[in-house]
Structure formats: C-alpha cells, structure tokens
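What follows is calculated from the coordinates using simple rules that are stated; it is not laboratory data. Nothing here was measured: the structure is a model prediction, and the numbers come from that model. Counting neighbours? That spans all protein chains shown, and the Cβs are built from the backbone with ideal geometry, glycine included.
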Amino acid sequence: MRITLFITCYNDTLFPETGQAVVRLLERLGHEVVFPLDQTCCGQMHYNTGYQREAVPLMKRFVETFREAETICIPSSSCVAMIRDHYPLMAEESGDAELVRAVEELLPRIYELSELLVKKLGLEDVGAYYAHRVTYHASCHSLRGLQLGDIPLRLLRKVRGIDLVELPNIDRCCGFGGTFAVKNGDVSAAMLAEKMKDVENTTAEVCTAVDNSCLMHIFGGLHRARAGVKTVHLAQILASTEAEGEA
Amino acid sequence: MTVRVGESARALPFQKAALPLLDDAQLRKNVRHATDTIQRKRGLVVAEQTDWQELRTAASAIKRHTLKHLDTYLTQFEERFTAAGGVVHWASDADEANRIVLGLVQQYGGKEVIKIKTMTSDETRLNEALEQAGVHPYETDLAELIIQLGHDKPSHIVVPALHKNRAQIREIFLREMGLKELGNRPEDLTAAARRFLREKFLRVKIGVSGANFLIAETGGVCIVESEGNGRMCLTMPEVLISMAGIEKVIPSFEDLEVFLQLLPRSATGERMNPYNSIWTGTHEDDGPKHFHVVLLDNGRTSILADKESRQTLHCIRCAACLNTCPVYRQTGGHAYGSSYAGPIGAIFTPQVLNMEHAQSLPYASSLCGACYEVCPVKINIPEVLIHLRGRVVREQKSALDPEALGMKAMATVFGSRHRFEAAQRLARVGQWPVVSHGWVRHLPGMMGNWTAVRDMKAIPDQPFRAWWKQRQKKQEKQA
Amino acid sequence: MSGTREAVLKRIRSAIGGSSADAAAREAEREVLPREYRRAGSLDADARLAMFIERLHEYDANVVRTDAARVAVAIGAILQEHGQRSVIVADGFPVEMLPDPITPKSGAAGGPAESFAFRREEKANVEDLDRCDGIITSCFAGIAFTGSIVLTHGPGEGARRFTLLPDRHLCVVRTEQVVETVPEAMDRLAGFATAPITFISGPSATADIEMMRVRGVHGPRFLDVVLVG
Ligand code: SF4
C-alpha cells in the first residue's frame, strides 16, 4: 500500500527519530511511504488557543497537500483529532462548498498510526522486539478524541521481549494541553507531578504514548527530577526488531 | 464578551488565583478525597444503568429542542403556573432579580428568609443585597451553612464545602453557633446543624429557593435534594420565592423521567437522591400560600444567540464535570472566582457573570475532554472553551499583544514550506544561548513557565524532512 | 416589570431566529426526539420486589414484608421495637391496618397495653409533628430500580410536612404498587402531574462533611417500609 505520511510540525522539528521509526516500520511491513515536502502544520495550536482565523489557511494548505493521497498516516493523535473534529466546522464556516467537500473526502483516508496498523491493515503483531519494562500513557486525544480504546495496547502486547505494566489512573490528563502548559504553568506542573508519581510507581524504564507532545511534557518533568525513566513514541517501539535493534 | 450591569465582582485571573490554592496541602487533600469518592460512586451507578448513553442522548435532544422554542415553553410555563396560583416575575439581570426578591420579602413583611442552595442566587449575589436591606438570609443546606457561618465561598456546585474537613467545620460551628461543646464526628456536626436550623424552619415565614426544572406543560417546579432542608423551605413557610434561570424549563412532565435518572447518578453517585419534590403552584392546606417564580435572563439570551456556545444552557448543575476535571482536582473551586467552578464555570462565568478577568477562565483547561465524556446532557465543553478562546482573542486582544503577534508570525511561517524550513534552521542555530550539554533548562519570557519544572532536549541537528531528503537523494543515486 | 417580560422574550426570539409559535411544527419535532432509553422493566414480580427491598436496604431503610392479614401486627411490632408512643396517622390511612386496640378514631391518648397513641393528621399541628415519635402513611408507588417510594400526598399519604418533620416515617407499600423503572412510575403519575409529588429514597442524608454519609439531617432519620402482599 502507498501510505502518505503527515509527520506534524513538532515531530518534524523536535522528534525526527519518531518519523524515521514510522518509515522503517511501514516499509518493513511492505508498504511504500511517501512524504510530501509541502506539509507544515495542521493548525491545532492556533485553533485551540483561540486563533481560529489563523488556522484556516493552514487547513487549506493541509487539504491541498494531501488531496491526492490514498491513505494518510499521522503519528500524533491530537493532530488527527484536530483534523477530524474541527476541519468540518471550519470548512463550513468558510462558506466554501468546494472546501467542505474536499474535507469530507479527506477525512476517511486519515489514520493515526496505531489505528492504521490495527484497523486499516488488520495487524496486531508487527514483528517488533523491545526488551524493556514499558508503561503506556493514554493521551486524552487518543482516548476520548479518537476513542482508540486498547488499540495501542493490543500492539504493545504482541511486542516480543516487552514487560508491559499498567499505568494507574490511565484516563487522567498529564497536564500538557498545548499552550495550557505555559499559560497555566503552575496547575500544569501540579498535574504533571501526579502523572510522574503514577509513572514512577510502575517502576517502568520507558513510558510510551502515541503523542510526543504529552511525552515531551512528561519526560521534561522526569528528566528534571532525574527519575531515570525515558519516554519513547509507540512508533519507535514498534519499529524496533531483534535483528536491527532499537529505532 | 457580554458586559453585565452593576459593579463587577473582584477576582484574580485563574492562574494567579490558583497559586495559594496549589500550596494549600489540606485543601488539596480534601478536594482529591471528595472528588475521588463521588467519582467512584458515580462509576458504579452509571455502569448499572445500562441505557445511560440513550438517556444522555435523550436529555441533550430535549434540551436542544427546548432552547429552540424557549419563548413558547416559557410563556406556557407562565400561563400554567399562574393558573395554578403562582406569580411569575421576569428579570433581565442580577440587580433586577435581587430587587424583585427584596421587594417581595418587604411586601410580606419579612426580616428573615430561609434558603435552599440556589446557584442563581449566588450568581446574582442575592444574600449581599438582602443583608444590605436588613433582611437576614439563613442558608439551610449543610454545606452552604458551613460556608455562610465560616464567611467562606463555595468551592463546588454540589458539595460546596468539600474543601473543609471536620476539624475546620467544628471550629466554625463552635464559634458561630455559640456552642460550648461539640464532638467532631460528622454525626455530631450534622446534629448541631439540625438543632440550629429546626427552629428557623418552624419560625421563618419566607423561603427562597432555586429550581432544578420548570415544567411548561403543567406549570410545575421540581427540586432535587438530599437533606430535607429543601422540603422544609418548600413546605413550611407561608411564602416561597424561587429564582430560576430561563433555561431551566423543560417541555413536559414526562421529560422528568430522563433527568431524574441522570441527575442523581451524575451528581452524588446515588441511584436517586433522598428527596425529589414536584409541585404545581399553591396547594390547599399543603405548603406555602404564596408562590413566586423569578425567571432570570442575566446574559442567558446572549448565550442562546451564540450558536456554538448555546449548549452551555443545557447544564443541569450536576458537577460531574468538576469531579472528573484534572484542573479542578488541583485547585478546587475558589480559583474560578465564582460559585460556578470547574469546567462548567470556565464556560458559564465568562458569558454571564460580571467578573474581573473572567476571560482567563476559558484557558483554565487542558482540553482533556473528561468533562464532555461524563456530562449527562452532552455539553461539549472543550468545543465551547475553544470557541470562547476565539472570542477572547477577537474581541479583547489588541493586535499588538505579544501573544497575538507571535501567533500571527507562526501562522505566516507555517504558510509556506520554505519559511517553515528556514524557521527550523533558525531555531536550531538560534537556540545556542539556552542550550547546555544538549539540554534546555531555562527559557526566557512566557516559555520560562515550561522550563520552570521541565527540561527540554535541544532541537536536533537534522529535522525529519532533512533526513528524508537525504535518503531520497541516496536512493535516487542507487537507482 | 412587564417591560422586562417583553424585553426578555424579544431577546429570546431574536436569538432563536424568530418566534417558535408554530405549535404543529414544534409538536412534530418533539414527537421524534430520540427516546431509546429503557421504559419497561424486565424482571418478574419476585425479582422486582427483591430488588426493591435490596435497594431500600442500601439506603439504610428498614423493610418488613408481610401480608394483608398480618399488616397491623407488623406495624405494631415496629412501633413497639422503637418505643414509639405518640404516632400520627395520615388521614385516609386504612384503619384496619392499624394495630388493635387503638384506632385513630379514638382521637388521641389512652392506648392501653401497648401504650402507643395515634393522632389523626387533621388534629396535628406543626408542634405536634415536631414532637411526635413518628408518622404512618401509605404511598402512591414504589420504584425497584432506584429503591424509591413516591407520594402524591393523596388520602393516606399526608400533606407534605407530615412526612418531613417527624423523626420516623413508617410507609406501607402494597406489592402491586411497586414498578421496576422510573419511566414506569412516571407513567403511573401522569394523571397526578399537578398534585404535590415527593420521591423518597431512604432517610434524609448528607455527605457534605468529608463525603461520609450521615442520615437524618432535617427530614426523618428513619424510614420503615412495610411491604404488603
Ligand atoms: S456541564 Fe454537564 S457535567 Fe458539568 S455540571 Fe453541567 S450538566 Fe453536569
């Protein structure tokens, strides 16, 4: 299958290793990966912070860039939620019937990475090997936005060598929330402290998720506390194999 | 956003109001304990109600339908309520509502009133208005009594004194009730309140209440409560004055079957709360002889006019969104500046209350969506929060605000591939003053809030797209 | 004030895009609102009553099951057990259900052996209610799923203050009055929609202090249910 990657602006800039892992994983599974260089940002930060007008050209750009793509893979649930939940309304409000139709046609072709693997490709065992004690953090957008349920966990359970431990209070927000982490830094820190306690109590070495945004926040706190726990995007665990090593 | 009349309530922006609360270890423990307890109970009784989602769908549809025909349902209520012996008053804003209530109290010659917990009277600051005119209001809900005697402010919609523990409550009661002795078990404290209030229930001639539901079809009013103080206030006085937001009307008696199943389970985690009262106007030899309802607008019609936030008016004040909210969990209710705390407060207050810094409230959320998931009437609170943020930006932020400038600049950057790539390069090169050994530990300005508690990896040398381009080139060469 | 009424209605109409006076259209819209929730119960009579009793127990209500022939004895036993001496009986409560030899007709004091006295509702004022040991009523319906009893304050059920001020409420529920679901109870209530209605689910209670349930804040502290049939 030909899969078009929307890496997202922050993964592109801050977490290239995640994008590389997605490419390695999908190619290993026999798919062709395409990366349109015109892509930038879905507009989520603008939209959620109240700059909805500024987000509109970014939506148009996204729709334009991915118009031809058959299957679009996005390794970030919050960006998928932005597109699914808000693009239709934004298009409608623009009063541009052509745009409304284009968004409508685009949505069924968009998949978050774990969704793509399990729902579209019908896979749970992707042949990964990762010999670490791992706990999974369900980001709010993956849980309540995309309703992924246990999809990411089903993938993780099939990873060889993994010691998967359950994170208590898995449905509780870590306190990132985009610009919330800066605008309400103190409350965000209090939420982070609770999440870190839960992560540390699992004695996992690795905390994983389908969103690098939450992980950047959780890891930021864990590293400041010198907790000795690292965070790794799900794509990197799934891309790791015994033969090729960790992604 | 809407500017309400009268003097605005003093309040700090949410992020500032939160600071002392975050440092109050006792308060945070109390809030965690209370919200965890209610949530655990809620979880059990929601699970056994196998048609929960169908009930939510029905409730949300009934509310949407009612709001769409609000003028008809309100006038229908007015007509039937009047026919049943009641008197309807209309109030455009808080001041007018208070004037009406005070006028009625004076007309009936009252110097005291007994009150059931009434969110709308908190909203209009009725107690202040009554006291200024020499009328003493007695709060009769146990938690409201604790708040009133403690000269405190409510911190939760359903359990307003959850931030106080038994020792703190005992001190308040000893001092304010003039008691010499008092145990500190909840039973002892409750018994003290029972004694303190019983005499007032039997003596005071005027009751003031809110209303959970107004029934258009019958002109009936429904109040849901636990302690029996509500029934006391509804049946013992000669005069009853109920203040209700115009959104509290529902079309039919039958519709109650939906809300009476959703509200108790959502609010206190009970299958049914101990008492629901439904009554219609005045009844022969049973309850008050005079019954007045004050229908309050106070900004609600402007919410009604805003297509995207209209759903705010679905709210049945169950507080499930507070109990599940990870932000509320850290701060409790006082950070929200009014008695509408938590997620619902974050959307309701800025649209209705005349409160300083109310525009900080739509930002007091990580948009985690837990509130939407539990809301029994399916208010998509995150969606409304985002919408209100948009209104704050468009209506209140100057174009020269640093955040606005930054956001516009970012939007321009994302508007072109080349600008985006240039910005990636610039950030990478420009970050050297803040990077040490591959880590960023202190950022300037607003971003300092990030590095206050979090480290950050330096921006890597090669963004993903550079790696991709390089790989493409290599592959092309090989081919 | 009528100026305000018109102003509020005008604001509403402008917010919803005109008047909603078209009754037929409104009714048609209301007819098709989604109501896919459960209306009818699915339990047989025994299971329904078992659920009713179980859920009343969970509210700390005291439940006694008996039959028509022995109801008076059952009520007498409850009054004896709690040492209730002065008890008010709602007007219209079936006389034959009251324990002998005292009947409400005898007016008041002077119950011999058992030494409890009944007083009729119409003779009881607020002070009597405040001071008495308990109140006896029948009810309109019971709801198994929520463990509730419903009063419409008709004959035998007392005016609202009667089941509020006394410390103990003894309520007689006939088994055929017990439905399973809330919508079933609402169906039965349809003809009584404008009567005063009270749903009672256990004794009055609060959890306002540290989320610990304390019963009997202002209403009766004890609820005795006598289930007959
Ligand atoms: S918004 Fe929903 S969950 Fe929150 S108080 Fe209102 S009805 Fe309850």
key: Sum of side-chain charges, A:V206 neighbourhood, beta-carbon under 12 Å (Lys, Arg +1; Asp, Glu -1)   = -1
query = Computed FRET efficiency, Cβ-Cβ of A:R67 and C:K10, R0 45 Å: what is it to the nearest 0.05?
reply = 0.45
Spacing of the two label points (7 Å from each Cα toward its C-beta) at C:A25 and B:T282, in nm = 4.0 nm
key: Karplus 3J(HN,Hα) series, Hz, for the stretch C:220-228 with 6.51 cos²θ - 1.76 cosθ + 1.60 (x for Gly, Pro)   = x, 8, 10, 10, 9, 10, 9, 9, 10
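Would you calculate a helix-derived [θ] at 222 nm for chain C, using -39,500 (n - 2.57) for each DSSP H run of n ≥ 4 and dividing by the full residue count, to the nearest 500?
-8000 deg cm²/dmol
Give the residue list of GluC sites (Glu not before Pro) in the stretch C:1-82 that are DSSP loop and have at most 14 other beta-carbon atoms within 10 angstrom. All intermediate terms of the calculation are to be shown ahead of the outcome.
Values: sites: C:E6, C:E27, C:E29, C:E31, C:E36, C:E54, C:E58, C:E81; in loops: C:E36.
Answer in residue order: C:E36.
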key: Estimated vicinal HN-Hα couplings, Hz - the stretch A:76-82 in sequence order (Karplus 6.51, -1.76, 1.60; Gly, Pro = x)   = 7, 5, 5, 5, 4, 5, 4
query = If you take the square roots of the eigenvalues of the alpha-carbon gyration tensor of chain A and sort them as a ≥ b ≥ c, do you get rounded (a/c under 1.5), prolate (a/b over b/c) or oblate?
reply = oblate
message = Between the stretch B:190-232 and the stretch A:74-117, how far is it from one alpha carbon centroid to the other, in angstrom?
response = 50 Å
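Just to confirm the filter: which trypsin sites (Lys or Arg not before Pro) across the stretch A:159-247 are DSSP coil and have at most 10 other Cβ within 10 angstrom of their Cβ?
Filter output for the stretch A:159-247: A:R226.
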ask   = When a footprinting reagent is the concern and you count Cβ atoms within 10 Å, what order do B:I172, B:I157, C:I143 take, fewest first?
value = B:I172, B:I157, C:I143
query = Hey, fewest Cβ within 10 Å first, where do B:W439, B:W450, B:W432 land in order?
reply = B:W432, B:W439, B:W450
request  = Determine the distance separating the Cα centre of the stretch B:111-187 from the Cα centre of the stretch C:192-228; give it in Å without decimals.
outcome  = 22 Å
query = With the contact rule set at Cα under 8 Å and sequence spacing of 6 or more, what percent relative contact order holds for the stretch B:7-302?
reply = 27 percent
message = Expected output is a single nm value to one decimal: the length gained when fully extending between B:D23 and B:Q106, i.e. 0.36 nm times separation in residues minus the C-alpha distance. What is it?
response = 25.4 nm
query = Where nothing but the Cβ of Lys and Arg (+1) and of Asp and Glu (-1) is charged, how large is the charge dipole of the stretch B:131-191 around its Cα centre, in debye to the nearest 20?
reply = 220 debye
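Just to be sure I understand the rule: take each whole DSSP H helix in chain C, project its Cα atoms onto its long axis, keep it if the span is 18 Å or more and its mean Kyte-Doolittle hydropathy is at least -1.0. Which ones pass?
Those that clear 18 Å and a mean of -1.0 are C:2-15, C:45-58.
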remark   = Of the listed links A:K230/B:K457; B:K205/B:K289; B:K29/B:K164; B:K117/B:K180, those spanning more than 18 angstrom between alpha carbons are B:K117/B:K180
Filtered GluC sites (Glu not before Pro), the stretch A:11-102: DSSP coil and at most 14 other beta carbons within 10 Å = A:E68, A:E70
remark   = Note to self, chain A gives a 222 nm [θ] from helices alone (DSSP H runs n ≥ 4, -39500 (n - 2.57) apiece, / all residues, nearest 500) of -12500 deg cm²/dmol
note = Percent relative contact order for the stretch A:2-120, counting Cα pairs under 8 Å at least six residues apart, stands at 29 percent
inquiry  = Suppose R0 equals 25 Å. What FRET efficiency, 1/(1 + (r/R0)^6) with r the Cβ-Cβ distance, do B:D51 and A:I170 give to the nearest 0.05?
reply    = 0.40
ask   = Which far-off residues, 5 or more places away or on another chain, put their amide H under 5 Å from the one on B:S242, with H placed in the peptide plane?
value = B:S209, B:H292, B:V293, B:V294
task = For n ≥ 4 DSSP H runs only, could you compute -39500 (n - 2.57) per run for chain B, divide by its residues and tell me the 222 nm figure to the nearest 500?
result = -15500 deg cm²/dmol
query = Relative contact order, percent, of the stretch C:39-228 when contacts are C-alpha pairs under 8 Å separated by at least 6 residues?
reply = 28 percent
Part-to-part distance (alpha-carbon centres) for the stretch B:423-461 and the stretch C:129-143, which is given in Å = 71 Å
ask   = Which of rounded, prolate, oblate describes chain B, given a ≥ b ≥ c as roots of the alpha-carbon gyration tensor eigenvalues and a/c under 1.5 marking rounded, otherwise prolate only if a/b is larger than b/c?
value = prolate
request  = For B:G220, enumerate residues with amide H under 5 Å from its amide H, sequence gap 5+ or separate chain, H modeled in the peptide plane.
outcome  = B:I215
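Express as a percent, rounded to the nearest 5, the fraction of DSSP beta bridges in the protein assembly as shown (both residues included) that run antiparallel. All intermediate terms of the calculation are to be shown ahead of the outcome.
Values: 27 of 97 bridges.
Taking every DSSP beta bridge with both residues in the protein assembly as shown, the antiparallel ones total about 30 percent.
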